[in-house]
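Please treat every number below as a calculation from the coordinates, not as lab data. These figures come from a predicted structure and were not determined experimentally. Positions of Cβ are backbone-derived with ideal geometry, glycine not excepted, and every protein chain shown enters the neighbour counts.
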Amino acid sequence: MLKSIEEKQPQVNTCEQTCPTCHTQSVFTHLGQQTWPKAVAQSLNIPAIVDLWRCGNCETTITFTDEDTM
Ligand SMILES: [Zn+2]
């Protein structure tokens, strides 16, 4: 009997990035996604969905968008 392989990763995602605030290669913790109403996103010229990440070094919350990959 085959075991089904399930990804039992915890909800917390992390990634290593260079922090734009403290300019340190740091581990960022994914806090979640922030969604904006379309009208707001358009007026601010931001994507409707942005990811919130917290720097493990200076604990600043920043956003990464997928804009660069679009
Ligand atoms: Zn930082």
If I filter region 37-48 down to residues being of a type in the set (A, V, I, L, M, F, W, C) and surrounded by fewer than 13 Cβ atoms within 10 Å (Cβ to Cβ), which single residue comes out as farthest from the ligand (Cβ to nearest atom)? Ala39
Verdict on Gln34 being in contact (Cβ under 8 Å) with a residue 24 or more places away in the chain and away from the ligand (no atom under 16 Å from the Cβ): yes
